[in-house]
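Have a look at the structure below before the remarks.
Every number in this text was worked out from the coordinates using simple rules, so none of it is lab data. Everything numeric here is computed off the predicted structure, so don't read it as measured data. Positions of Cβ are backbone-derived with ideal geometry, glycine not excepted, and every protein chain shown enters the neighbour counts.
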Amino acid sequence: MNNRRELPESPYLAAASGRKPSRVPVWFMRQAGRSLPEYRALRAKNTMMQACFDAELITEITLQPVRRHGVDAAILFSDIVVPLRASGIALDIVPDVGPVIENPIRTAADVAAVKPLEPQQVAPVAEAVSTLVTELGDVPLIGFAGAPFTLASYLIEGGPSRNHERTKAMMLGDTDTWHALMSALTDVTIGFLQMQVDAGVDAIQVFDSWAGTLSLVDYRKYVLPHSTRVFETLAAAGVPMTHFGVGTAELLGAMSQAASGHGAPAVVGVDWRTSLPDAATRVVPGTALQGNLDPVVLLAGYPVAEQAARTVVEDGRRAVDAGATGHVFNLGHGVLPGTDPEVITEVVRLVHSL
């Protein structure tokens, strides 16, 4: 099925697609949850994994920041490890830790046991997407998935890692096993995104949260071909596709290369360490930019956030002058749990007024 709507007035879709938006569009990574009291009230009764496989909870949590903040896009409430859990990998999301893998993947035999994702395994997510595209009205819905490298890192390390020692050891020292794992995870990522596209999402974002730990040479050799296959495959849907990582200044050109040139609008997310005008000179022509307010700025109170947000909007305009096809206002990473929701709402109002 394909429930995707036509949303010609959406500022987010316009900016992401290289058209002139009616206003600077704004949404926030991790806006669904984290800082909202209404989210915490729901989560107090459910674990993260329970919430991620409950269509009603996915729907409600996705809608909460749209109702409260008036953002220009909703992002599906989920987690990058959901398709891994659905495909049979034993894992859990531990509070204040993150994903923890019961049996880390370290050998060729472990890789051979990784199964492809079947659509019925994530049926509640598809159901939520179908409901959301009706509930959201004129607000577009962004679907997402984790990139193969970041998923591989969690699976190999057994959880979050500072130095990714085991991941890089396999990547550099056992390349056959590495590429077999990356190929299997590329299939999982494609399956999860394709399900969301078929259910009606209006755009997608691929999170390669840990790609910034790699050199450009290693990224191009061991990661880029797999990430490119994700975007190549999903491009047929024609929806805007965003590629995002943290600490990826040196990788922005390659990351834009993965997402661009496949016939669908390409966007690259930029973290706060790289200015948007500088990023515009690094990405391939025809790429829009997303970002890049430092999430910590929101913790400093509205007067500080106001000045920083004005700078990001101005930098976005300069980035377009420098060749970017558009700018979507966002954070340089996700909303931090201690953020005052009122500050977020005021930043949205400010960006819309500019």
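Points worth noting:
- Inter-part distance where region 59-86 and region 174-214 are each reduced to a Cα centre, Å: 18
- Placed amide H near residue 268: partners under 5 Å, 5+ positions off or other chain: 243, 288, 289, 290
- Neighbour counts of other Cβ atoms within 10 Å put 183, 17 in the fewest-to-most order 183, 17.
- Using only side-chain charges placed at the Cβ, +1 for Lys and Arg and -1 for Asp and Glu, the dipole size of region 1-41 relative to its Cα centre rounds to 120 debye.
- As a proxy for reagent exposure, ranking 168, 20 by other Cβ atoms within 10 Å from fewest up yields 20, 168.
- Quotient of C-alpha Rg and 2.2 N^0.38 Å, computed over region 11-353: 0.93
- Calculated FRET efficiency for the pair residue 169/residue 112, C-beta based, R₀ 22 Å, to 0.05: 0.70
- Taking all Cα pairs closer than 8 Å and separated by 6 or more residues, the relative contact order of region 11-353 comes to 20 percent.
- Ordering 162, 106 by the number of other Cβ atoms within 10 Å of each residue's own Cβ, fewest first, gives 162, 106.
- Amide H within-cut-off set for residue 147, under 5 Å, with H built and near neighbours excluded: 207, 208, 209
- Charge dipole (debye, nearest 20) of the chain; +1 at Cβ of Lys and Arg, -1 at Cβ of Asp and Glu: 440
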